[in-house]
Amino acid sequence: MKEPKIVAFLCNWCSYAGADLAGVSRLQYPPNVRIVRVPCSGRVDPLFILTALKHADGVLTAGCHPGDCHYTSGNLVARRKFALLKSLLDFVGVEKERVQFDWISAAEGNRFAARIKDVTEDVKGLEPWERWGGRQNG
Amino acid sequence: MDKIILEIRDKAQELLETGQVEVVIGFTAGTLPGKSTPCFITRGEDCELLVWDEGCKNNLANYLVKEKRKAAIIVKGCDSRSLVNLLTENQLSRDRVVILGAPCPLTEGCEGCQIKSPVIYDYLVSGKAGKTGEDDFHDVKTFARLSPQERKEYFYKEVSKCIRCYACRNACPACYCRECFVENNLPQWVGKSTQLADNLIFHLTRALHVAGRCVDCGACQRACPMGVDLRILNRKMLLEVKELYQFEAGLKEEQELPLNTYDPGDPEPFLAGGGEA
């Protein structure tokens, strides 16, 4: 299969810093990921994820661990949205591995690198994604 | 003549003639037999046009959001739940509306309907509602047992019928955003055409937008000219909200909507291994 394209929505305060740490620690992770920095995982509208799937093969969304949110509860509100989105996607037959979520703190550069590796491997193992029945570019 | 409708007409007439309301929102006979149509009555003598029968299916709560006059509305179970929702969401002020509750006129009723009598009202018209079924989410659970491939094929097939007329959105009392994401141009979330990708994103997002607020009145599906099975998505969300957050929409006014709030101990089924690791 062609190299999958992964979009990662990372929260500014934890997960993006986690990605940064992975970088400065020179950890290796697959180059398939395109990072979108968001203020908080609570900012991630399910619509972002659905739209990202028009152009990419997989989406990872990461935020601060529950309890560690810079805005106190952004990730807790996000958690309910994600739970519903994930079950809805599963219900309509989109593979579980295609859309993933995790909590990654600013200290978890390793976890970031590992998660990117997992998601990339998972998506590689799936049937090619027809991008909502849309076109096959990029 | 049916006792229920006589009572409704009397009350509506009284409300109009005593000036308690300026308009009564109810049903009148439609142009086709068995198809009653929503109507707005402003004169007491017109109240004899009101009907309450098998054809009264629309969710009248929808008309109340834009109604500027002081209005009376005739509601059945699901309409009243929509009203509760609109009140919780501050889309209505309770003192502007007089609620005439009546038992649901559909003898067979909608599958899975549990609440046929109004949950909120100022006047309750006496009479027995048709029978209610146990809602075991049979349809959702059966569908979930199909293979992912089959589910995807079914969903894609259904949604490819969509002509994006937005009748489902317009008929839904929970869909009242002044600016809907489908009409947004910056960014343009979905195209204007009926490309499958855009249709899919529209229907999935709509299901998520009404999650925890949908009362399963079925107005969207009845309004759909193409016969798209929209309710399965809404009912999936209904089941999910019920199981994860023990919440059912439109039953109590003081209820906080599930997606407006959180609990520190909420389940995390979306994490690998259900968040156990």
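The values are calculated or read from the model by the stated rules, or taken from the named source; none is laboratory data. This is a predicted model, so every value here is computed, not measured. FYI the Cβ positions are ideal-geometry reconstructions off the backbone, even for glycines, and counts take in every protein chain you see. Side chains are part of the model used for accessible areas, which takes the heavy atoms of the whole protein and leaves out ligands, DNA and RNA. Shrake-Rupley method; radii C 1.70, N 1.55, O 1.52, S 1.80 Å.
When the alpha carbon gyration tensor of the protein assembly as shown is reduced to an equivalent ellipsoid, its three semi-axes come out at 46, 22, 18 angstrom, largest first. Distance between the pseudo-spin-label points of B:E253 and B:Q149 (7 Å out from Cα toward the beta carbon): 5.4 nm.
Determine the relative contact order of the stretch A:6-125: mean sequence separation of Cα pairs under 8 Å and six or more apart, normalised by residue count, in whole percent. Spell out each step's value before the answer.
Numbers: 205 pairs, mean separation 47.5, N = 120.
Relative contact order, the stretch A:6-125: 40 percent.
Considering only DSSP beta bridges with both partners in chain B, what is the antiparallel share in %, to the nearest 5?
Details: 8 of 18 bridges.
Here the share of antiparallel DSSP bridges comes out near 45 percent.
In the structure shown, the pairs B:K76/B:K252; A:K86/B:K66; A:K96/B:K192; A:K54/A:K86; A:K124/B:K157 are assessed against 22 Å; a Cα-Cα span above that value is assigned to A:K86/B:K66; A:K96/B:K192; A:K124/B:K157.
Please calculate how many Å² of accessible area the protein assembly as shown carries per residue, with a 1.4 Å probe and no DNA, RNA or ligand atoms counted. It would help to have the intermediate numbers written out before the result.
Values: 19060 Å² over 415 residues.
Ligands and nucleic acids excluded, the figure is 46 Å² per residue.
Estimated from the Cβ-Cβ distance and a Förster radius of 60 angstrom, the FRET efficiency linking B:I163 and A:R26 is about 0.65.
For a label point 7 angstrom out from the Cα of B:K35 toward its Cβ, which stretches of the stretch B:154-182 have the backbone nitrogen within less than 18 Å? Once the point is set 7 Å along Cα→Cβ of B:K35, B:167-168, B:171 turn out to lie under 18 Å by backbone N, inside the stretch B:154-182.
Here the sum of -39500 (n - 2.57) over DSSP H runs of 4 or more residues, divided by the residues of chain B, equals -9500 deg cm²/dmol at 222 nm, to the nearest 500. By DSSP, the beta bridges lying fully in the protein assembly as shown are antiparallel in about 25 percent of cases.
Does a label point 7 Å from the Cα of B:T194, set along Cα-to-beta-carbon, have any residues of the stretch B:209-237 with amide nitrogen under 16 Å, and which are they? Under cut-off, by backbone N: B:223-230. Each residue of the stretch B:260-270 was assigned a 3J(HN,Hα) from its phi angle through the Karplus curve 6.51 cos²θ - 1.76 cosθ + 1.60 (θ = phi - 60°); the sequence is 9, 9, 7, 10, x, x, 3, x, 10, x, 7 Hz, with glycine and proline shown as x.
Taking a ≥ b ≥ c as the square roots of the Cα gyration tensor eigenvalues, the stretch A:6-125 comes out oblate, since a/c reaches at least 1.5 and a/b does not exceed b/c. Once the partner protein chains are put back, the stretch A:95-128 shows a loss of at least 40 square angstrom of accessible area, versus the chain by itself, at A:F101, A:W103 (probe 1.4 Å, ligands and nucleic acids excluded). Taken as Cα centroids, the stretch B:1-55 and the stretch B:129-203 sit 33 Å apart, rounded to the nearest whole angstrom. Here the 3J(HN,Hα) profile of the stretch A:85-101, calculated from phi with Karplus coefficients 6.51, -1.76 and 1.60 at θ = phi - 60°, is 4, 4, 5, 5, 5, 4, 4, 8, x, 7, 4, 4, 6, 6, 10, 10, 10 Hz, Gly and Pro shown as x.
Among the trypsin sites (Lys or Arg not before Pro) within the stretch B:60-168, which fall in a DSSP loop and have no more than 15 other Cβ atoms within 10 Å of their own Cβ? Counting only loop positions with at most 15 other Cβ atoms within 10 Å, the trypsin sites (Lys or Arg not before Pro) in the stretch B:60-168 are B:K66, B:K68, B:R69, B:K70, B:K128, B:K131, B:R145, B:K161.
Report the calculated FRET efficiency for B:N170 and B:R94 (r = Cβ-Cβ distance, R0 = 22 Å), to the nearest 0.05.
The value I calculate is 0.35.
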